[in-house]
Amino acid sequence: MKTLLIKGGRVIDPSRGFDAQADLLIKNGMIEAVEKGLKAPAGTEVIDAEGQVVMPGLIDMHVHLRDPGREYQEDIISGAKAAAAGGFTAVAAMANTDPVADDPAIIRYVIDRAAGAVARVHPIGALTKNLGGTEMAELARMKRFGAVAFSDDGKPVVSGTVMRNALQYAGGIDALIIAHEEDPYLFEGGMIHEGAVSSVLGLRGIPAEAEEVMLARDLMLLRAAGGGRLHIAHVSTAGSVELLRRAKAEGQNVTAEAAPHHLLLTDRAVKNSGYSTNTKVNPPLRSEYDRQALWAGLLDGTIDAIASDHAPHHGDDKDVEFDFAPFGIAGLETTLPLMLDELSSGRIKKLTLPLLVEKMSTAPARILGLDAGTLQPGSPADVTIADTNRSFVVNPETWHSKSRNTPFAGRSLSGAPVMTIVGGRVAMKEGVITEQE
Amino acid sequence: MQTLRRKDILGLEEMSAEEITLILDTARSMREIIQRKIKKVPTLRGRSMINLFYEPSTRTKASFELAQKYMSSDPISVGGSSSSLVKGETLKDTVRNLEMMNIDCVVMRHPVSGSAHYLARNVDISVINAGDGMHEHPTQGLLDMFTILDKKGRLEELKVVIVGDIRHSRVARSNIWGLQKMGAEVVVAGPPTLMPPDLEVFGVKYSPQIEDAIGDADVVMALRLQKERQEGGLFPTLREYAELYGLSPQRVAHAKDDVLIMHPGPMNRGVEISSEVADGPRSVILEQVTSGVAVRMAILYLLLGGTKEE
């Protein structure tokens, strides 16, 4: 493995409160040194990062890679390429595959497949068998095989008893539970956010309370469980942000993530696109009020992480009438550019690069308990380099993902990843993926 | 004569008052044709059309077919159960195949909101929305306006009360947009559970009590109440609904003498409207049906025939 010297970039490492121009030396797949004016030992490949940003590798803690079972939408190999292309060195893959990742054998399969992938893929195990919401899956055994968290994501855990037991049990083995908050009765047949837009378009609404009542329940159950760690997936409403803010103020062991589409779009996108199914996602694109609340939550620490909820779907499946299309947006190759663009636009006043790195690398690593999210010498050399001035137009046809479903196609963005280094190996350079030998 | 400068008729929300006026004016001359003994003009001779009905319909389907035939075009109607939808063919494939048979226009009714928009994006020919889910039913809105205009001589400053399940009604949406564009005031009445969330977006007033709304109304329109709304828990029973919101003779007695009673059909007699009212002297429910053919002829003419000599 080559020794790499990344020279002259702005190095941002929130794990150590570091933000300065510096060089970064990578040797034997590990971070060797982060200092100014480092000399390149003989045989070192020097990477000029002047005018660019050097960060600990970004981690997308919420993706769906469809593998095993629906490889025509995505697989572990293509998903990892999409991750590297988007500046992510690691992703955490949800369990709603076919078969469901509710057994150590499936966890093992994901890890074996991921060994040949260009980015790290951490499996998330199912919380209940077959996502059925009734019987607990083998959490400890899956954890031993490498599962980093447990979730029925895509489906809520409807039974309060099952959730309470799971939180209690998980607390005993220090396992993280990721909750998809949705009351199925309030959701019932919903298509988009319930409000003025759903009323005008005649689409069944998904009220904000469908998320909030379930979140409130789980926060109460977490308190009652007296232990356990709970992470809330794709927070989408102002009410949820408020519930989380209060829970954190009380000292509850809860973390949360928001998705870029919820931070950047509202339900008006459904109308403006003439019912484009690429705007159909669950939780739905909410109101401007909710969107503003998500940013406030992100800035004040109520929301810990940004995660794409990458949900790839084949073009054929999305190219149908609105009600018949599946929910989901593919986000691995747009998340970082969208965030960098938002930063450079100045629309969000208190948004800074260190804050973005915290939300996209440091925090996800901490929440999932990964040895990542830092440029501390001695750590695995997972590094992302981005150019905040690079402009481009989102074109899904050039993606490495197998899917193309995005509401952001055609958007001009400023800011893009230029290099992704995974364990000291260059996985992506200028948009080109370097395959594993 | 002027034509509509648009490819499709998808809804009244996106249509201007000028366009609506043009359609209503044209419909007047079309009605004259229907009243002739020989109800046929050559205007759309050689034009072919497909009526795709993915939902059952008697009135709208017959009305479109007659309009098409009175104008000498060649329509074919395809119903949901006999179509390839049941064989799993996508809407896009179905219509692209039909398009290759050189048709000029598709009229579609579909249970999913937004389907007409989806179809219009995917084909080059004209799409006429004959009702998409809970979204819009623009030709119904137009024929209702035509009927009111015919009876009242104007639409401006009329008060129109729409009673019932506004939330799930495409007829209500098209009427709300169209009537307000033409200067009428629209009030909706019915149980709060049958009102769309954020009702203000439509610019209408809401009256929970039907009596409060009806007193000075020029038009009262009852909407069909679907049984599944009761099963969905939005109100307790049909008889309680009839008691609170049904158009009964006692209720209508409080209205103005020249109030128009309307219903888009099909009616649930004894639920949202009683037979005495539906068949009474103030009812124009059957005139609505005649208007339907005239309005649809006007739309077909303005979309497809306007460039030719009549």
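The values are calculated or read from the model by the stated rules, or taken from the named source; none is laboratory data. The model shown is predicted, which means the values in this text are computed figures rather than measured ones. For neighbour counting, all protein chains shown are included, and Cβ atoms are generated from backbone atoms with ideal geometry for every residue, glycine included.
A few points about this structure:
- Residue check, A:E257 outside any helix (DSSP H, G or I) and over 30 Å from B:P111 (Cβ atoms): yes
To keep it simple, each residue is scored yes or no on (1) acidic (D, E); (2) assigned to a helix (DSSP H, G or I).
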| site | (1), (2) |
| --- | --- |
| A:Y169 | no, yes |
| A:D174 | yes, no |
| A:E181 | yes, no |
| A:G190 | no, no |
| A:S199 | no, yes |
| A:V213 | no, yes |
| A:A216 | no, yes |
| A:L221 | no, yes |
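- For B:A116, the criteria (1) touching a helix residue (DSSP H, G or I) at 6+ places or on another chain (Cβ under 7 Å); (2) buried (at least 24 other Cβ atoms within 10 Å of the Cβ); (3) within 14 Å of chain A (Cβ to nearest Cβ); (4) of a type outside the set (K, R) hold in every case but one, which is (1).
- Scanning region B:26-82 for residues that are without any contact (Cβ under 8 Å) to a residue 24 or more places away in the chain, under 19 Å from B:M108 (Cβ atoms), in a loop (DSSP other than H, G, I, E, B) and of a type in the set (A, V, I, L, M, F, W, C) yields a count of 0.
- Number of residues in region A:162-177 that are of a type in the set (A, V, I, L, M) and farther than 21 Å from A:A92 by Cβ equals 1.
- Residue in region A:184-226 that is surrounded by the most Cβ atoms within 10 Å (Cβ to Cβ), counting only those that are farther than 21 Å from A:R245 by Cβ and of a type in the set (D, E): A:E194
- Within region B:215-253, considering residues that are surrounded by 15 or more Cβ atoms within 10 Å (Cβ to Cβ) and charged (D, E, K, R), the one farthest from the chain's Cα centre (by Cα): B:R251
- Count - residues of region A:236-275 that are farther than 29 Å from B:M134 by Cβ and in contact (Cβ under 8 Å) with a residue 60 or more places away in the chain: 5
- Scanning region B:14-55 for residues that are touching a Pro at 6+ places or on another chain (Cβ under 7 Å) and closer than 26 Å to B:L179 by Cβ turns up just one, B:E55.
- Some residue of region A:332-346 being assigned to a loop (DSSP other than H, G, I, E, B) and within 14 Å of chain B (Cβ to nearest Cβ): no
- Residue in region A:388-397 that is in a strand (DSSP E or B) and among the basic types (K, R) present: yes
- Counted residues, region B:114-144 - those being assigned to a helix (DSSP H, G or I) and within 23 Å of B:N97 (Cβ to Cβ): 8
- Subset of region B:177-199 [within 20 Å of B:A255 (Cβ to Cβ) and surrounded by 24 or more Cβ atoms within 10 Å (Cβ to Cβ)]: B:L179, B:V188, B:A189, B:G190
- When B:I166 is tested against (1) within 21 Å of the chain's Cα centre (by Cα); (2) closer than 23 Å to B:L143 by Cα; (3) more than 10 Å from every other protein chain (Cβ to nearest Cβ), just one condition goes unmet, and that condition is (3).
- Just one residue in the set A:I206, A:I232 is within 14 Å of chain B (Cβ to nearest Cβ), closer than 23 Å to A:V63 by Cβ and modelled with pLDDT of 95 or more; that residue is A:I206.
- Residue match in region A:343-350 (condition: assigned by TED's automatic domain parsing to the domain that holds A:T277 and closer than 30 Å to A:K27 by Cβ): no
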